[in-house]
Amino acid sequence: MNESSESESAATSTGEGSSRQIVFVIDASNSMQGHKIGAVNDCVNNIISKLRSLDRSQENAIRISVIGFSTRLFRWTDSFVRASEFKYSYVEMVDGLTDINAAFNELTMLSNNMEKAAKKYVVLFSDGLFTEDYSESMARWSQAELFPEIERIAVVFDDDLHDTQSLGFFKELVGAGLIVPISDQEQLLSALLK
């Protein structure tokens with residue numbers, strides 16, 4: 001399927017009253033060096049490009065926020081921005097520990113600022129190799145008022161689908177949501193437009 005017919009069929013599947021708020025969370029720690037961060041950059045850029053074209057062609061807004069984490073948190077924007085106005089900048093350097101606590105704290109803040117009527121998504125790109133205990137910050141995020149309405153998706157690398165520790169974290173994060181291999185961008189886009 002070519003890109004234009006893909007976007008057209010995706011646009012018709014989004015329907016009326018389906019504004020979206022999507023947070024992309026990118027693991028930029030040391031374990032993501034090389035092909036992993038390259039694959040994440042390509043996937044995020046491709047998905048945002050498709051969302052950008054859909055956002056331009058629809059009445060209902062697609063708003064995105066992108067955050068990254070390692071030993072520290074970094075943001076592409078301070079809050080949600082229309083996909084049609086957002087330009088993704090590739091993560092150039094990965095370093096530091098995999099401390100997802102700051103990302104969960106940021107997700108708590110962003111979740112509290114989501115529109116009640118919007119479809120809500122959080123998409124985590126990671127290898128799941130966390131170096132810090134995240135249970136308290138994840139529990140705080142799960143207490144956000146709109147947390148139950150957030151579709152949680154983990155985008156993972158094929159080898160991490162076979163790692164018991166990583167898979168356990170991803171299952172805990174997504175609950176009833178999806179775990180998608182990074183190689184399957186169509187499944188990810190489909191999940192964001194359902």
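The values are calculated or read from the model by the stated rules, or taken from the named source; none is laboratory data. A quick note: this is a predicted structure, and the numbers were derived from the prediction, not measured. Virtual Cβ from ideal backbone geometry, glycine too; neighbours counted across all protein chains shown. For accessibility, only protein heavy atoms count, side chains too; no ligands or nucleic acids. Shrake-Rupley method; radii C 1.70, N 1.55, O 1.52, S 1.80 Å.
Some values worked out for this structure:
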| read-out | value |
| --- | --- |
| Matching entry among GLU151, GLU186, GLU172 (being in contact with a Gly (Cβ under 8 Å, 6 or more places away or on another chain), open to solvent by 30 Å² or more (accessible area, probe 1.4 Å) and either at pLDDT 95 or above or not in a loop (DSSP other than H, G, I, E, B) (or both)) | GLU151 |
| Selected residue (criterion: surrounded by the fewest Cβ atoms within 10 Å (Cβ to Cβ)) from residues of region 127-142 that are within 19 Å of the chain's Cα centre (by Cα) and part of a loop (DSSP other than H, G, I, E, B) | LEU129 |
| Residue list for region 92-126, filter: open to solvent by 10 Å² or more (accessible area, probe 1.4 Å), touching a Phe, Trp or Tyr at 6+ places or on another chain (Cβ under 6 Å) and aliphatic (A, V, I, L, M) | ALA102 |
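Residues are listed down the side, and each one gets a yes or a no for (1) hydrophobic (A, V, I, L, M, F, W, C); (2) over 27 Å from ASP78 (Cα atoms); (3) under 13 Å from the mean Cα position of the chain (by Cα):
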residue: ASP99; (1), (2), (3): no, no, no
residue: ILE150; (1), (2), (3): yes, no, yes
residue: HIS162; (1), (2), (3): no, yes, no
residue: GLN165; (1), (2), (3): no, yes, no
residue: LYS171; (1), (2), (3): no, yes, no
residue: GLN187; (1), (2), (3): no, yes, no
